[in-house]
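See below for the structure under consideration.
The values are calculated or read from the model by the stated rules, or taken from the named source; none is laboratory data. Keep in mind that what you see is a predicted model, and the values were worked out from it rather than measured. Cβ placement follows ideal geometry from the backbone for every residue including glycine, while neighbour counts extend to all protein chains displayed.
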Amino acid sequence: MSTTWLLARQGISAETGQLLTGTTSGNGGAAGATLVDTTLLDYDITDDDQLVKDHYSLVTSGTYKGNWRMISSFVASTGTITPRRAYGGQILAAVTHEIHPFSPARMLACFNKAIKRTQYLFKEIRDITTTETVADTYQYSTPTTIIGEPLEIWLEENTSDADAPYSRLMDWEWDEANKKVCFNYVLPAERIIKWIGKGYLTTITALTADTETVEANEPDIRHLYYLTLSYLFEEKASPTIISPASFETLMMQRNHYAKLAEESGRELTVDLPQATLKRAGWKYSGVMY
């Protein structure tokens, strides 16, 4: 299952209880001076500074989609947001937007950092859909989702029976340079090969846009959220620009999410199948193993 950056961004802020989303209820000030959304009142915000001031406004639709600004002030009674720096132009009515406790740019950078960190976590890959045997063929490319040599290879016994068993193959050679498995015996044609191997927890690809995806779902995505938040709070806890008291509070939050990331990481650790103990010279005969 995949998760878009848009959903991941919202999920990260939602973990802190500080995500606000809405649709502008009227036209904002000229030249991007303000954004107006009375639906923010649905969040029962009674204090002009509560959950909005010094947070970040992100426009997610319309002409100025992607514009984000730190919020200078917020008038709860009218739903009027004033950014520290004007948006790129007037934010009209019916424009969707989000409010986050962190800069969207830093959220993306820290999420990509978390994705890269997951290269040290693995999961079991079972692929039974991508490879069908071909007559007089001795080499087959392994699925790209499997890292290195497969741990186990199984062959379908009966193509006419969806519940037919698979036979475990006990000997092959691994061509690492070409990512292929080479058999020294012929496999019957039109049978499905079941590959079992080690794969990455998530696809190690940096995201750049709302619609781009990371191959992760629960509980994998929760681990990424916790890692991202630990990085974000650590960045905010710069002792050169904040008071010692604020530094201590932010580091406590950083440590809290770092601990959650560590705990969730342990839960994701799986016992991979033991690699096949090959039998030199073994040939396929259709006998079950």
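Here are a few things to note about the model shown:
- Residue among Thr96, Thr159, Thr145 that alone is surrounded by fewer than 18 Cβ atoms within 10 Å (Cβ to Cβ) and over 33 Å from the mean Cα position of the chain (by Cα): Thr159
- Check on Glu262, of a type in the set (Asp, Glu) and outside any loop (DSSP other than H, G, I, E, B): yes
- Look at (1) buried (at least 18 other Cβ atoms within 10 Å of the Cβ); (2) within 21 Å of Asp210 (Cα to Cα) and you find that Ser2 fails only one, number (1).
- Condition met for Ile115 (closer than 26 Å to Thr208 by Cα and assigned to a strand (DSSP E or B)): no
Residue by residue, here is whether (1) more than 28 Å from Asn27 (Cβ to Cβ); (2) of a type in the set (Ser, Thr, Tyr); (3) in contact (Cβ under 8 Å) with a residue 40 or more places away in the chain holds:
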position: Ser77; (1), (2), (3): no, yes, no
position: Thr80; (1), (2), (3): no, yes, yes
position: Tyr87; (1), (2), (3): no, yes, yes
position: His100; (1), (2), (3): no, no, yes
position: Leu108; (1), (2), (3): yes, no, yes
position: Arg117; (1), (2), (3): yes, no, yes
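- Of the set (1) over 22 Å from the mean Cα position of the chain (by Cα); (2) of a type in the set (A, V, I, L, M, F, W, C); (3) on the phi < 0 side of the Ramachandran plot; (4) crowded, with 17+ Cβ neighbours inside 10 Å, all apply to Ala8 but (1).
- For segment 38-68, a residue qualifies if it is part of a loop (DSSP other than H, G, I, E, B) and more than 20 Å from Ser103 (Cβ to Cβ), and the qualifying residues are Asp44, Ile45, Thr46, Asp47, Asp48, Gly62, Thr63.
- Within segment 180-202, not a single residue is touching a residue at least 24 places away in the same chain (Cβ under 8 Å), within 13 Å of Leu108 (Cα to Cα) and part of a loop (DSSP other than H, G, I, E, B).
- The set of residues in segment 93-108 being outside any strand (DSSP E or B) and under 21 Å from Gly17 (Cβ atoms) consists of Pro101, Phe102, Ser103, Pro104, Arg106, Met107, Leu108.
- Failed item, numbered, when Glu234 is tested on (1) touching a residue at least 40 places away in the same chain (Cβ under 8 Å); (2) closer than 30 Å to Thr202 by Cα: (1)
- Residue within segment 119-133 that is modelled with pLDDT under 95 and basic (Lys, Arg) present: yes
Yes/no per residue for (1) among the polar types (S, T, N, Q); (2) surrounded by 12 or more Cβ atoms within 10 Å (Cβ to Cβ); (3) at pLDDT 95 or above:
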{"position": "Tyr166", "(1), (2), (3)": "no, yes, no"}
{"position": "Trp172", "(1), (2), (3)": "no, yes, yes"}
{"position": "Leu187", "(1), (2), (3)": "no, yes, no"}
{"position": "Arg191", "(1), (2), (3)": "no, yes, no"}
{"position": "Trp195", "(1), (2), (3)": "no, yes, yes"}
{"position": "Gly199", "(1), (2), (3)": "no, yes, no"}
{"position": "Ala206", "(1), (2), (3)": "no, yes, no"}
{"position": "Thr213", "(1), (2), (3)": "yes, yes, no"}
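- Residues in segment 65-93 that are surrounded by fewer than 18 Cβ atoms within 10 Å (Cβ to Cβ) and of a type in the set (Ser, Thr, Tyr): Ser72, Ser73, Ser77, Thr78.
- Filter pass, Asn178 being farther than 30 Å from Leu6 by Cβ and modelled with pLDDT of 95 or more: yes
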